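The values are calculated or read from the model by the stated rules, or taken from the named source; none is laboratory data. Treat the numbers as computed from the prediction; the structure is a model and nothing was measured. Cβ: placed from backbone, ideal geometry, glycine included. Neighbour counts: every protein chain shown.
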Amino acid sequence: MAKFGGFSRRQHECCARHRARCAQISQPESRVRMRRAQHDRMQQSRGHMIGHIMPLPAQEWRILLSCYGVADTELHGMSLSVDARLSNNRSALFLDRDGVINIDRGYVHKIDEFEFASGIFDLARFWAQEIDRPIIVISNQSGIGRGYFEENAFAELTDWMCRRFAAEGAPIARVYHCPFHPEHGIGSYKADHPWRKPFPGMFLQAAADFDLDLDRCIAVGDRLTDIQAAAEAGIGLRILVGVGHPEQSAGLATYAHAVGLPEALAIVRSYSSQASATHG
């Protein structure tokens with residue numbers, strides 16, 4: 001089968017269809033229709049966004065609604081707008097979860113298994129407080145599709161994780177995850193889905209949802225599939241975190257390498273300063 005930049009022709013066609021859909025829903029009239037139907041779609045979704053919102057005091061709604069991916073909180077009778085701060089420079093910081101936000105112990109789905117990576121809150125606080133732009137989590141979660149744990153376990157852990165970020169002064173704007181796997185998924189979860197990295201689907205969906213300029217965004221991952229997905233989406237700065245990664249070559253998407261998150265923060269600071277000078 002013919003290959004194009006590491007993808008098959010069928011995979012490229014799939015990504016092209018997803019880009020077209022994202023472009024369509026980014027139009028103002030389409031976004032209005034999308035928001036009106038968003039809550040229903042989220043409740044019906046099996047794996048893309050968390051759709052269960054628990055009754056909470058008003059002061060806690062902003063935190064949870066941003067974590068759960070509700071773009072317009074008026075759906076729930078509130079007057080808040082999660083999108084209000086997103087009209088400035090259209091950038092975002094994309095974070096992989098396992099291996100970036102937390103130590104990757106393999107299919108982590110319980111709070112007592114979840115250990116935050118050293119330096120993650122410093123990186124997140126810099127972006128949230130100094131750049132004042134959204135933090136978005138993009139994560140493959142095939143453990144759901146493989147039957148290792150259920151969606152509600154992922155939702156509970158994500159709720160806790162988002163609360164910790166908010167308490168650290170770096171709220172997460174949205175969490176996207178893909179539960180599918182093309183070989184090991186069970187039942188309807190066995191699918192070569194365009195949201196699963198190295199496909200760029202989650203990045204493209206976030207760009208449509210938040211009206212992002214992906215060329216001005218940053219993605220941090222710990223695997224080459226993270227980098228490949230970010231490159232295919234057109235992310236401006238791609239950072240690969242960790243040790244033992246292969247040297248860059250003509251066959252790989254280019255990226256900056258950081259041994260740990262403190263070094264990644266230094267790269268993000270430098271890049272943000274240059275971008276600010278360039279774009280005014």
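Of note:
- Criterion violated by N140 - all others in (1) surrounded by fewer than 22 Cβ atoms within 10 Å (Cβ to Cβ); (2) polar (S, T, N, Q); (3) touching a Cys at 6+ places or on another chain (Cβ under 6 Å) satisfied: (1)
- Selection status of I186, surrounded by fewer than 22 Cβ atoms within 10 Å (Cβ to Cβ), at pLDDT 95 or above and of a type in the set (V, I, T): yes
- Taking segment 145-170 as the range and being touching a Phe, Trp or Tyr at 6+ places or on another chain (Cβ under 6 Å), farther than 16 Å from D104 by Cβ and either of a type in the set (V, I, T) or not in a helix (DSSP H, G or I) (or both) as the test, only E168 passes.
- Residue that is touching a Leu at 6+ places or on another chain (Cβ under 7 Å) and closer than 22 Å to T158 by Cβ, where the choices are G201, G234, G185, G221: G221
- Of all residues making up segment 207-219, the number that are buried (at least 24 other Cβ atoms within 10 Å of the Cβ) and closer than 21 Å to I267 by Cβ: 4
- On inspection, E150 qualifies as charged (D, E, K, R) and out of contact with any strand residue (DSSP E or B) (no Cβ under 7 Å at 6 or more places or on another chain).
- Residues in segment 159-193 that are over 12 Å from Q141 (Cα atoms) and among the β-branched types (V, I, T): 2 in all.
- For segment 124-143, taking the residues that are touching a strand residue (DSSP E or B) at 6+ places or on another chain (Cβ under 8 Å) and either part of a helix (DSSP H, G or I) or without any contact (Cβ under 8 Å) to a residue 24 or more places away in the chain (or both), the one that is farthest from D209 (Cα to Cα) is identified as S142.
- Residue list for segment 220-229, restricted to those being of a type in the set (G, A, S) and either surrounded by fewer than 22 Cβ atoms within 10 Å (Cβ to Cβ) or touching an Asp or Glu at 6+ places or on another chain (Cβ under 7 Å) (or both): G221
- Annotation: of all residues in segment 175-224 being free of Cβ contacts under 8 Å to residues at least 40 places away in the same chain and in a helix (DSSP H, G or I), the one that is farthest from I239 (Cα to Cα) is G187.
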